[in-house]
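Worksheet: the structure to be examined is printed underneath.
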Amino acid sequence: MPYNVKEIVSNKPSRFTAGHRMCAGCGAPPIARMVLRALKEEDHAVVSCATGCMEVSTFIYPYTAWTDSFIHTAFECTAATLSGVEAAYKSLKKQGKLSEDKNTKFIAFGGDGGTYDIGLQSLSGAMERGHNLTYVCYDNGAYMNTGIQRSSATPKFADTTTSPVGSVIPGKMQVRKDLTEIIVKHHIPYVAQTLAMTNFKDLYEKSEKAIYTDGPSFINVMSPCPRGWGYPTDELMVINKLAADTCYWPLYEVENGVYKITYKPAKKLPIEEFLRPQKRFKHMFKPGNEWMIEEFQKEVDKRWEELLKLEETTNN
């Protein structure tokens, strides 16, 4: 179905309202806003949100930026909390205690710290049990809320407060965990990876698919952080576009095991185009550190080629 995203944005009321305290130039607010816009206007949502930037900045009692039901839960259990709510909802419907006319959707939000690391066990459990919910990871590549500490989503060589660049190490020494592929291996109906590019079409369409898929679904969304990544606040969409055009962050979906890449750059840019605007990678451009960029490029190319092969083999 074709979408006029400008029409969607202008005509649909925002269910994630203005007045929150997220940083200027942060990727998370447009992600939350567009995910919730994918809901049908007549549907209600229960949102579970892990401790993190999104939670502490959008729900400061008694004020909230969420117009739907909202549950703040601990770092490690946002998927478990929402699993319980979804199970209770099904039970109440079965008992006839809830109207059949009202449709409720269940959406979890967690950063990479609460998803890749601390909350991985509850996320995996919710996916394996088959709860009818959507989990959205807003991946900003570190524990930004608590001081820019490295997470397993942090890319190799990034400068963080717990993997600082110095004479001993050149930043984080491990490659980034591929959580999207880990969730694919749970064999759930729908998994997607996306980001908020200038027209929002990819993010909106994948959010709609995920929310209205019967069974568990997962969306991994790159969410740049100006404080942790070190870019000017007005360059959020530039960073997003460079992530897609260098294939650092491929845009794709997996429906019932079938891969589809939803954005293939006409001209794949070298990875330094994505790295250069970010202060966390500035040491990689010092004389003698060219090997870091070369190694980073090899990893990006390897993952991109693997993805192309998965699309080819699952569509034949």
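None of the figures in this text is laboratory data; all of them are computed from the coordinates on show. Just so we're clear, the structure is a prediction, and the values are computed from it rather than from any experiment. Heads up, the Cβs are rebuilt from the backbone with ideal geometry, glycines too, and the neighbour counts pull from every protein chain shown.
Would you check region 1-111 for Lys pairs whose C-alpha atoms are within less than 22 Å, ignoring same-chain pairs closer than 8 in sequence, and give me the count?
Within region 1-111, the lysine pair count is 15.
Subtract the Cα-Cα distance of ASP214 and TYR61 from 0.36 nm times their separation in residues, and report this length gain in nm to one decimal.
Full-extension gain reported as 51.7 nm.
If you wrap a convex hull around the Cα atoms of region 21-123, how much volume per residue is inside, in Å³?
In region 21-123, the Cα hull volume divided by residue count equals 103 Å³.
Could you work out the percent of alpha carbon pairs in the chain separated by over 35 Å, rounded to a whole number?
17 percent
Take the Cα radius of gyration of region 121-248 and divide it by 2.2 N^0.38 Å, with N its residue count; two decimals is plenty.
After normalising by residue count via 2.2 N^0.38 Å, the value is 1.15.
Across region 167-316, how large is the tail of the calculated P(r) beyond 21 Å, expressed as a percent of all Cα pairs?
Value for region 167-316 (Cα pairs over 21 Å): 49 percent.
Restricting to Cα pairs below 8 Å that are 6+ residues apart, what does the relative contact order work out to for region 5-314? Please round to a whole percent.
Once divided by the residue count of region 5-314, the mean separation gives 16 percent.
Hey, got the dipole for the chain? About the Cα centre, +1 on K and R Cβ, -1 on D and E Cβ, debye to the nearest 20?
About 400 debye.
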